[in-house]
Each structure stands twice: as C-alpha cells, then as structure tokens.
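Novice: Mind looking over this structure? Questions follow.
The values are calculated or read from the model by the stated rules, or taken from the named source; none is laboratory data. Note that the structure is a prediction, hence the values are computed from the model and not measured. Cβ: placed from backbone, ideal geometry, glycine included. Neighbour counts: every protein chain shown. Side chains included, ligands, DNA and RNA excluded: accessible areas come from the protein's heavy atoms. Shrake-Rupley method; radii C 1.70, N 1.55, O 1.52, S 1.80 Å.
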Amino acid sequence: MKNLTFFLLLLIIPCLSKAQQFVANYDESKMPAYTLPDPLVFNDGKAVVDKKGWEKRRAEIYSIFEKEVFGVVPQWKGKMKSTLVSQKTDAMGGLAKRKEVRIDLINGERKVSAMVLIYLPRNSKNAPIFLGYNFDGNHTTTNESDVLLPESWVANNKALGITDNKASEKSRGKSITQWSIKEIVSRGFGVATVYYGDIDPDFNDGFKNGVHALFDAPRDSSSWGSVAAWAWGLSRIMDYIETDKDINAKKVIVIGHSRLGKAALWATASDKRFAMSISNNSGCSGAALSRRIFGETVGRINNSFPHWFCDNYKKYNENENQMPVDQHELLALNAPRPLYVASAEEDLWSDPKGEFLSCVYASPVYELLGLKGFPAKEMPALNTPIIGRIAYHIRPGKHDVTLYDWERYMDFAEKYFKSEK
Ligand code: GTR
C-alpha cells in the first residue's frame with residue numbers, strides 16, 4: 001500500500017508542477033488594477049515640493065531599491081589596478097584608436113580581472129563614450145582578429161561550439177550588429193565594453209565567484225545579487241576612465257541591453273558620475289512597471305534567476321502590490337540626468353508599454369527640477385522617438401540592439417553633449 005501511494009505521488013507531482021508553471025499574461029484587459037507609489041511623496045506621507053526635498057526623497061527611494069531589490073554592496077576594502085594590455089592607433093582600418101585595459105580588483109590573495117575594450121575616434125581627445133557590458137566576450141563585438149578572448153567563465157552554447165565554459169574563436173564578430181562600433185566611432189563617440197562574466201559569471205554559484213568573492217561580509221536577505229555586482233563593476237571601470245586622458249569622464253553614457261539594461265539603470269542610479277543612462281529592452285526589474293503583471297513578472301524572474309537580486313525581492317513574488325517602489329522610481333533616480341528607454345515591438349516579454357509608462361511616471365520628478373521631463377502620455381507610433389530629458393522609442397522587431405537604436409542614442413547624446421564635444 002505504502003509503495004502504491006509512493007508511485008501515485010511520483011505520477012502526480014510532475015503534473016502539479018506543470019499545472020503551476022508560469023503562463024505570462026499578454027492581455028491588457030487581464031491586468032490587475034494597481035496604484036503606483038508616488039516618487040514625490042516621502043515615506044511618511046508628506047509631499048516633496050522642491051529640489052532639496054527631492055534629494056532627501058531620492059535617498060529614501062534608493063535605499064528601498066538597495067534593500068528590497070538589487071541588494072546592498074558591502075564596503076569595498078580591496079584595491080584596484082589598471083594595466084594597458086594593448087594599444088593600436090590605427091585600428092579599424094585607421095578609423096579608431098583601440099586599447100585593451102585590464103582592471104584587476106584585488107583583496108589580499110583574491111583577484112578578479114576584467115578586460116575593457118575601448119575604441120575611440122582616432123584623433124579625438126576627450127571624446128564622450130558609451131560604456132556597456134557585452135554578453136559573450138569582447139571579441140564578439142568586433143571582427144578584429146587580435147582582440148582578446150575572455151578568460152573567465154562563459155555559458156555553454158551549442159551554436160557557438162562552447163561546451164567547456166571557455167570562449168572560442170567561433171564567436172568572434174558574432175555581436176557586431178549589436179555594437180555598431182564603426183558607426184559610433186565615425187560619429188565622434190567612443191565605446192568601452194567589457195564581458196559581463198568577467199565581473200560576475202551569470203549562474204547561481206552561491207556567490208562564490210566573481211566580485212562577490214572579493215568581499216568578506218556575511219550574507220543576509222538584503223545582500224547584493226549579480227545585477228548589483230555588474231552595476232558595481234561599471235563604477236570600477238568609471239574609476240579607470242577618470243584616469244584616461246583620451247576619454248571625457250564627464251560624458252560617460254552607460255548603455256545596457258536586457259539584463260544588462262537592468263544593470264545599467266542600477267549603475268547610473270548608484271553612481272552620479274555617469275552622465276546619461278540608456279536602457280535597451282531592460283524589461284522586468286529594469287524599466288518596466290512590475291505592477292502591470294504583463295510578460296515577465298517578479299515571481300518569474302526570481303525563479304529563473306535566483307542570483308540576480310537580493311533575497312528580500314522574493315517577498316514580492318506574485319505580490320507586486322506590496323512593493324514599496326516600482327520601476328518608474330528607478331528611472332527617476334537618474335534625474336536630472338538625461339535618460340533614454342527603448343523597447344521593441346515583438347519583445348512583449350519585456351512589456352514595452354510598461355517601459356513607456358515608467359517614463360511617464362518618472363517625469364514629474366524631472367519637472368519638479370525644472371526640466372522638460374517626458375513630453376507624452378500615449379504610446380508613440382513605431383520609429384517615432386519621444387524626446388524630452390527622458391526619451392523613449394519603440395521600433396519594429398525583436399528583443400535586440402540594432403543600428404536604429406544606436407542612431408537614436410547618438411542623436412540624443414549629441415543633443416546634450418554636442419556643444420561641448
Ligand atoms: C531573459 C530574462 C529577461 C532578460 C533577458 C536577457 O531570459 O527573463 O529578464 O534579462 O533574459 O537578459 O536576455
């Protein structure tokens with residue numbers, strides 16, 4: 001009898017978990033009613049009425065995101081060293097100056113190294129620069145055969161023939177269209193990119209590797225996850241950029257796609273040295289409002305990627321209305337700096353409308369600071385950017401970064417930077 005019950009359970013359990021499997025909602029009419037937290041109301045219910053008040057309120061919002069979403073970065077007691085590994089003044093057929101700079105983050109015997117690949121307009125000093133992580137290695141962003149492969153862990157990928165978690169030549173140039181380096185440099189901007197796995201390999205390893213392992217503080221429910229680690233890494237690269245005379249450290253534009261868009265937004269929220277933030281299809285826990293429950297949800301992201309956020313964030317699985325913040329407030333943390341959010345029509349998983357609405361609801365903060373904010377309330381047509389201090393577009397196509405996206409980002413950056421370029 002006991003055996004029979006056991007076998008019945010064996011049959012039933014897989015069926016149950018299947019029934020409970022996540023089914024994304026893509027129907028606006030099935031969305032629950034929700035009320036967003038007001039970025040201009042203090043935790044104690046009082047209204048924020050001026051710039052000084054906003055700085056205090058900003059600290060409240062930042063602290064909530066830190067403790068409840070991305071996790072708190074412990075105090076850094078290590079040191080950092082940068083080494084110029086290669087330099088070429090006639091890269092890309094003479095178009096660009098290229099450098100590879102290794103950043104070593106060191107704590108006693110422990111070390112994590114990240115390679116920064118930098119392309120700059122050949123004859124420009126002080127160029128503004130786009131800084132962003134790549135998904136598969138610096139060598140995937142270019143066809144140049146001497147750009148180094150990452151030495152850190154990479155995800156296995158059948159299509160690329162990676163079976164041993166090591167990058168290979170097969171993927172050189174694979175992400176060229178996502179980077180458009182030639183077009184960017186031709187327009188007078190620099191690009192700095194780093195393989196995100198150099199900072200923290202993207203798997204649930206119990207925080208034993210990557211930069212988490214350089215810290216000694218014991219972990220608790222508000223400890224940092226991988227997104228915060230990637231954001232922290234961008235700030236360390238900024239520490240290097242501040243020492244590089246070829247780059248204008250006052251004009252560093254952080255850009256990120258998808259999970260790296262989440263990291264970009266958190267990096268610019270955390271570090272005011274960054275001049276501008278670009279979120280490309282960052283979706284759930286990035287630019288998209290969580291309370292809409294459209295596409296990917298908080299519960300789903302925490303289940304699929306338990307290492308991305310702090311454990312406290314899991315309290316809001318299927319419980320978004322209890323979140324003391326929503327993602328429009330993550331955008332608002334960028335104020336007064338220019339901010340660009342972009343969606344793709346077919347990328348419903350990232351909830352384009354939720355990304356758009358975040359811009360709408362972040363706008364009052366910019367307006368309080370005397371800035372234009374976001375001049376729209378209705379979703380724009382495809383390929384029709386809305387440009388205020390916050391900008392937005394939705395283009396046709398899939399979850400991706402395309403030349404169209406880059407061109408809009410460069411237009412936007414030029415609008416704010418050109419006079420000083
Ligand atoms: C998906 C994830 C998204 C997004 C994306 C990506 O699997 O659900 O939140 O981050 O990955 O980074 O490509």
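Novice: So, of the residues in the range 366-385 that are touching a residue at least 24 places away in the same chain (Cβ under 8 Å) and not in a loop (DSSP other than H, G, I, E, B), which turns out to be farthest from residue 409 (Cα to Cα)?
Specialist: Here the residue is 368.
Novice: Could I ask something else about it? Hey, could you check the range 238-256 for residues that are closer than 18 Å to residue 340 by Cα and open to solvent by less than 20 Å² (accessible area, probe 1.4 Å) and say which is farthest from the ligand (Cβ to nearest atom)?
Specialist: By that ranking, first place goes to 251.
Novice: Out of the range 37-61, which residues are over 18 Å from residue 272 (Cα atoms) and basic (Lys, Arg)?
Specialist: Across the range 37-61, the qualifying residue is only 46.
Novice: Another question, if that's okay. Do we find a residue being of a type in the set (S, T, N, Q), at pLDDT 95 or above, surrounded by fewer than 23 Cβ atoms within 10 Å (Cβ to Cβ) and away from the ligand (no atom under 12 Å from the Cβ) anywhere in the range 264-283?
Specialist: Taking every residue of the range 264-283 in turn, at least one turns out to be of a type in the set (S, T, N, Q), at pLDDT 95 or above, surrounded by fewer than 23 Cβ atoms within 10 Å (Cβ to Cβ) and away from the ligand (no atom under 12 Å from the Cβ).
Novice: Residue under question is residue 352, and the condition is that it be surrounded by fewer than 24 Cβ atoms within 10 Å (Cβ to Cβ) and either out of contact with any Lys or Arg (no Cβ under 7 Å at 6 or more places or on another chain) or not hydroxyl-bearing (Ser, Thr, Tyr) (or both); does it hold?
Specialist: So residue 352 does not fit the description; no.
Novice: Of all residues in the range 28-42, which are in contact with a Pro (Cβ under 9 Å, 6 or more places away or on another chain) and touching a residue at least 60 places away in the same chain (Cβ under 8 Å)?
Specialist: Correct list: 37, 39, 40.
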